[in-house]
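Structure first, then comments.
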Amino acid sequence: MTPNEPGHAPAWFDISTPDAPRARRFYQEMFGWPVSVVDETYALVGAEDGQPTGGIGQAGPDSPYTGIVVYFQVANVDTALERAEHLGGSRRMDPQSVPGTGRIAVFTDPDGNPVGLLGP
């Protein structure tokens, strides 16, 4: 993986919050986002064409992060996470499969900013 590989644009965003219903209402009213509640812990937010572009989730005591995380598309989540660690980042969420999405992971950059990885 190098910076010249295509596909490193933002692919998804996730807002993790201690009060997901409040956050859903706020962002829906702020930006007019359509919100589709999946379950009591997560909702998808969509674009004007109806395709989800992100989500709002309930943060609990074991959540790997709170706040907004932007996910970047990579060819291999495991390889990209190892590269981030090699470059001084820290693993926040181990790679895991998400049905219908692929695999995701989260790391923090050397300044402590959480960054997501999304891949097949």
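Any read-out appearing in this document is the output of simple, stated calculations on the displayed coordinates, not a laboratory observation. This one's a predicted model, so the numbers in the text were calculated from it and none came from an experiment. Virtual Cβ from ideal backbone geometry, glycine too; neighbours counted across all protein chains shown.
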Exercise. Answer with yes or no whether Q73 is of a type outside the set (G, A, S), out of contact with any Pro (no Cβ under 7 Å at 6 or more places or on another chain), within 15 Å of F13 (Cβ to Cβ) and surrounded by 16 or more Cβ atoms within 10 Å (Cβ to Cβ).
Key: yes
Practice problem: List the strands (runs of 3 or more DSSP E) that sit entirely inside the stretch 59-120 and contain at least 1 residues that are of a type in the set (S, T, Y). | Solution: 67-73, 90-98, 102-108
Quiz item: Inside the stretch 13-38, can you point out the residues that are within 21 Å of A105 (Cα to Cα) and either in a loop (DSSP other than H, G, I, E, B) or of a type in the set (D, E) (or both)?
Solution: D14, P18
Quiz item: Out of the residues in the stretch 39-58 that are of a type in the set (D, E, K, R) and outside any strand (DSSP E or B), which is surrounded by the fewest Cβ atoms within 10 Å (Cβ to Cβ)?
Solution: D49
Self-check item: Yes/no for A11 being exposed (fewer than 13 other Cβ atoms within 10 Å of the Cβ), under 17 Å from the mean Cα position of the chain (by Cα) and not acidic (D, E)
Solution: no
Quiz item: What are the pairs, 6+ residues apart or on separate chains, where a residue within the stretch 22-37 that is closer than 20 Å to G67 by Cβ has its Cβ under 6 Å from a residue that is charged (D, E, K, R) and part of a helix (DSSP H, G or I)?
Solution: V35/R24
